[in-house]
Amino acid sequence: MSVVFPLFSTPLYYDNINLNDSLRVESLEYDEASHAHISKDQFIFDNTSFLDVRCIVETHLTRYIGEELRIDGSLQLTHTSSWVCKHRRGDRSQQHLHSNSMFSGILYLQCDEDSGDIEFSIPHIIPTYTSSTLNLQHHVVENNVLNSRTWRKTPEPGDLFLFPSHLSHEAFPSESDIDRYCIAFNYVLTGKYDVSSGYLNFRHERLH
């Protein structure tokens, strides 16, 4: 029997979690950014009001890293930054990735079916099932995990996405009359990296 292996994938973790109704983000202070508003607090998971959410996120991150990626527990999951994004009608998050990070994620707090899809993508310059110099996308009759360069979802409250920080993503413009809120966050694995050709003792020290 023939089989096709989706080798060398970019793993995207998804789950929908129950949110605490008492979590309030409307009262936070926000800075205006390009097509969006970003919380002034860039370490929102250090806020005592968000400790329950942080615990849930880190439980899922631990599961993603340990059970799915099969990385042992000798390295420590370390929070580096987290913030709340606020999108009003017409706002969007342009295509981007997260720098100075290893694992990133997004947790949707408030949205509806008109709040704008989230899309993950891989640049055409990076080869996947064919050379990057050949574009076969117009000849694909059905998209699947083997031949797609984008993956899109209409978010719902409680949607949680975890992914390697280099994965490009964007949120399309909101067409809703309710504000879209989500928490974005970054983590690294710290500790002793021991490989045959080198050694690194990575310790994270945050100044803020």
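The values are calculated or read from the model by the stated rules, or taken from the named source; none is laboratory data. Since the structure is predicted, the reported quantities are computational estimates derived from the model, not experimental observations. So basically every Cβ, Gly included, is an ideal-geometry build from the backbone, and we count neighbours across all protein chains shown.
For Y199, are the conditions met, namely being of a type in the set (S, T, Y), surrounded by 15 or more Cβ atoms within 10 Å (Cβ to Cβ) and in a strand (DSSP E or B)? Criteria not met by Y199. Which residues, taken from the range 42-59, are touching a Phe, Trp or Tyr at 6+ places or on another chain (Cβ under 7 Å) and either assigned to a loop (DSSP other than H, G, I, E, B) or within 19 Å of T190 (Cβ to Cβ) (or both)? The answer is Q42, F45, R54, V57. Taking the range 143-156 as the search range and keeping residues that are at pLDDT 95 or above and assigned to a loop (DSSP other than H, G, I, E, B), which one is nearest to the chain's Cα centre (by Cα)? Only one residue fits best here, namely P155.
Can you say whether L77 is part of a strand (DSSP E or B), more than 15 Å from the chain's Cα centre (by Cα) and farther than 25 Å from E26 by Cα, as far as the supplied structure shows?
So L77 passes the test.
For the range 85-138, residues that are more than 27 Å from L69 (Cα to Cα) and not in a loop (DSSP other than H, G, I, E, B) total 8. If the condition is being of a type in the set (S, T, N, Q) and either in a loop (DSSP other than H, G, I, E, B) or out of contact with any Ser or Thr (no Cβ under 9 Å at 6 or more places or on another chain) (or both), then the range 165-188 contributes S165, S174, S176. Within the option set S101, S93, S81, being within 26 Å of S176 (Cβ to Cβ), surrounded by 13 or more Cβ atoms within 10 Å (Cβ to Cβ) and either touching a Lys or Arg at 6+ places or on another chain (Cβ under 9 Å) or touching a residue at least 24 places away in the same chain (Cβ under 8 Å) (or both) holds for one residue only, S93. Every condition in (1) among the acidic types (D, E); (2) surrounded by 10 or more Cβ atoms within 10 Å (Cβ to Cβ); (3) farther than 18 Å from S165 by Cβ holds for E68 except the one numbered (3).
Of all residues in the range 24-78, those being touching a strand residue (DSSP E or B) at 6+ places or on another chain (Cβ under 7 Å), more than 25 Å from E175 (Cβ to Cβ) and of a type in the set (S, T, N, Q) number 5.
Can you report the number of residues in the range 165-201 which are in contact (Cβ under 8 Å) with a residue 40 or more places away in the chain, out of contact with any Asp or Glu (no Cβ under 6 Å at 6 or more places or on another chain) and either farther than 17 Å from S93 by Cα or not aliphatic (A, V, I, L, M) (or both)? Going through the range 165-201 one residue at a time, the tally reaches 19. The residues in the range 111-144 that are in contact (Cβ under 8 Å) with a residue 24 or more places away in the chain and surrounded by fewer than 19 Cβ atoms within 10 Å (Cβ to Cβ) can be counted, and the count is 9.
It is to be established whether one or more residues within the range 37-58 are more than 25 Å from Y181 (Cα to Cα) and either without any contact (Cβ under 8 Å) to a residue 12 or more places away in the chain or surrounded by fewer than 16 Cβ atoms within 10 Å (Cβ to Cβ) (or both). First the steps, then the outcome.
Taking the range 37-58 first, the residues more than 25 Å from Y181 (Cα to Cα) are none.
Among the residues of the range 37-58, not one is more than 25 Å from Y181 (Cα to Cα) and either without any contact (Cβ under 8 Å) to a residue 12 or more places away in the chain or surrounded by fewer than 16 Cβ atoms within 10 Å (Cβ to Cβ) (or both), which makes the answer no.
If you go through the range 8-23 and pick out every residue that is touching a residue at least 40 places away in the same chain (Cβ under 8 Å), out of contact with any Gly (no Cβ under 8 Å at 6 or more places or on another chain) and farther than 16 Å from W151 by Cβ, you end up with 1.
Look at the range 24-36 and say how many of its residues are in a strand (DSSP E or B) and either in contact (Cβ under 8 Å) with a residue 60 or more places away in the chain or touching a Lys or Arg at 6+ places or on another chain (Cβ under 8 Å) (or both). Residues that pass the stated criteria total 3.
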